[in-house]
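Undergrad: Before I ask anything, here is the structure I am working with.
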Amino acid sequence: MSAYRHITVSPLAGALGAEIGGVDIAAGLDDATVAEIRRALLEHLVIFFRDQRLDDASHKAFSRRFGRLFVHPNFDLGQADPEIVRLVRQPGDTRIVGEEWHTDTTMMPAPPMGAILYALDVPPYGGDTLFANQYLAFETLSDGMKAMLTGLRAVHSDIRVAGPQAGLNARRSSRVREDANWRPTESVHPVVRTHPETGRRCLFVNHSYTCRFDGMTERESRPLLDFLLEHGHRPEFTCRFRWAAGSIAFWDNRCTKHLAIHDAGPFPRRMQRTQIAGDPVV
Ligand code: SIN
């Protein structure tokens, strides 16, 4: 891997994560800098920026340098700009968005390739985000397990994270669709996916959306699925990001899982997120 010439890249943990320096995103970035940011994302899986000042327009403009913006169907509540999702946690909220280990929006046939989360207002402590490397999750399995998983497919549904049955709006400030017309979205994806850019294989199941293996019942699926879900976030596969106002996390949603830690206690936390469209999972 050649050296970076337009950005600085400081790894945060052994498994994944790097802080990027030397860029002022709102000022606009030339193509060479964007190419290095993309390279850093592929190399480190989640990258972080500090001390940025974004408004909605510059947040979206930066995101578009990496692909088409994705509109999250469950956060599309008729607001003026559905391309930006406001993730707000208020004191008293008993649930928050993303509090389980998950890969974003995998009920879709083509889940987003990535997300760019920008911090507006953060608690003085608490409210960190954890990320986990799903290449490592796959590569550390035994040959026997790898062989068994290859060719296996899993059903992903948003039934637990949106809609009237989940009933989350009563317990948290960030609202999702719970109207009577809402219907769950389901897709079937390979349990082991090949990253479309790196060609590397990674584990592709997550707590929030994966409900069972294709062709099996939930009960039959549970023991193996539970093992894979727990294995996927072993501590040595993770990094932890401490937010400050103006921080950004940009994760590759094809080969990572993440979790928002629900420990902000009496403090508000205000973030905004874009998602970038991805490809069908292969
Ligand atoms: C998310 O899951 O996209 C939100 C993560 C966070 O708020 O830290």
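Undergrad: Any chance you could list P(r) for the chain, counting all Cα-Cα pairs in 10 angstrom bins from zero, rounded to whole %?
TA: 6, 29, 37, 22, 5, 0
Undergrad: While we're looking at this one, here's another question. Taking the alpha-carbon centroid of each part, what is the distance from the stretch 69-113 to the stretch 233-282 in angstrom?
TA: Measuring centre to centre over Cα atoms gives 12 Å.
Undergrad: If you don't mind, another one. Once amide H atoms are built 1.01 Å from N in the peptide plane, which residues 5 or more positions from GLU99, or in another chain, come under 5 Å H to H?
TA: Here ALA260 satisfy the definition.
Undergrad: Sticking with this structure for a sec: Do you know the relative contact order of the stretch 42-167, to the nearest whole percent, from alpha carbon pairs under 8 angstrom that are 6+ apart?
TA: 21
Undergrad: List the GluC sites (Glu not before Pro) within the stretch 183-282 that DSSP assigns to loop and that have no more than 15 neighbouring Cβ atoms inside 10 Å.
TA: When the GluC sites (Glu not before Pro) of the stretch 183-282 are filtered for loop state and at most 15 Cβ neighbours within 10 Å, GLU197 remain.
Undergrad: Only helical DSSP H runs with n ≥ 4 go in: add -39500 (n - 2.57) per run for the chain, normalise by residue count and round the 222 nm mean residue ellipticity to 500 deg cm²/dmol.
TA: It lands at -5500 deg cm²/dmol.
Undergrad: If you don't mind, another one. Can you tell me the dipole magnitude for the chain around its Cα centre, using point charges on the Cβ only (Lys, Arg +1; Asp, Glu -1), in Debye to the nearest 20?
TA: The dipole of the chain has a size of about 160 debye.
Undergrad: Nearest 0.05, what FRET efficiency do ALA57 and ARG171 give at R0 = 45 Å with Cβ-Cβ as r?
TA: About 0.90, to the nearest 0.05.
Values quoted throughout were computed directly from the atomic coordinates according to the rules given, and no laboratory measurement underlies them. Just so we're clear, the structure is a prediction, and the values are computed from it rather than from any experiment. So basically every Cβ, Gly included, is an ideal-geometry build from the backbone, and we count neighbours across all protein chains shown.
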